Ligand SMILES: [Zn+2]
């Protein structure tokens, strides 16, 4: 196989420097919000981790990088990844972890070598979680809308003790939301399509569908989100 000439080769000292940098990674660092998708050995999404945890998995050789720039099948270990970072440095600041000597690319997706379980998880109660449960459909008029035309409606209004729970929050279009105002549905002459419930536990990938930290690079590994 043809090996491109390297301007410099990553050494054990470089790896140690990267590990050291990660150890001193402050919580205020811009990369502290960056997340990496983790797949099990069957290519199913099982977790989202921060940069520190991602590199810990790589250095322990529990996981390898899926080089999404090179296609879904391009997998490499940490050593190869550092070399690829030398050949092709990160283009954007948010993709770079700076070591003493060179920037290393932050992977988007990683695959675990041994782990093959598929944990089930309850989706997070969030605006996006409610929209996903209701398939972006107004629970009063039954019309599907894009996210920006939707609101969250408290079935029992907050002023009357309605809480932020899966059972009391529904997707509503802005028009229906305004019409209902601070009333109970029947007081406004409105009916819910169905009784809102707490969603069942779902495979992790389905829960990620509602996660704002989602990156476009992940879509391929999460299946159809809507
Ligand atoms: Zn509506």
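Figures for the structure shown
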quantity: Odd one out for residue 153, checked against (1) in contact (Cβ under 8 Å) with a residue 24 or more places away in the chain; (2) within 22 Å of residue 221 (Cβ to Cβ); calculated: (2)
quantity: Qualifying residue in the stretch 126-137 (condition: touching a strand residue (DSSP E or B) at 6+ places or on another chain (Cβ under 7 Å), within 30 Å of residue 40 (Cβ to Cβ) and away from the ligand (no atom under 16 Å from the Cβ)); calculated: yes
quantity: Residue within the stretch 99-108 that is more than 15 Å from the ligand (Cβ to nearest atom) and exposed (fewer than 14 other Cβ atoms within 10 Å of the Cβ) present; calculated: yes
quantity: Pairs with Cβ under 6 Å, 6+ apart, first in the stretch 63-79 and buried (at least 20 other Cβ atoms within 10 Å of the Cβ), second part of a loop (DSSP other than H, G, I, E, B); calculated: 65/107; 67/74
quantity: Number of positions in the stretch 144-184 that are within 12 Å of the ligand (Cβ to nearest atom) and assigned to a helix (DSSP H, G or I); calculated: 8
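Just so you know, all these numbers are worked out from the coordinates, no wet-lab data involved. What you see is a predicted model; the values in this text were computed from it and never measured. Positions of Cβ are generated from backbone atoms using ideal geometry, with glycine treated the same way; all protein chains shown enter the neighbour counts.
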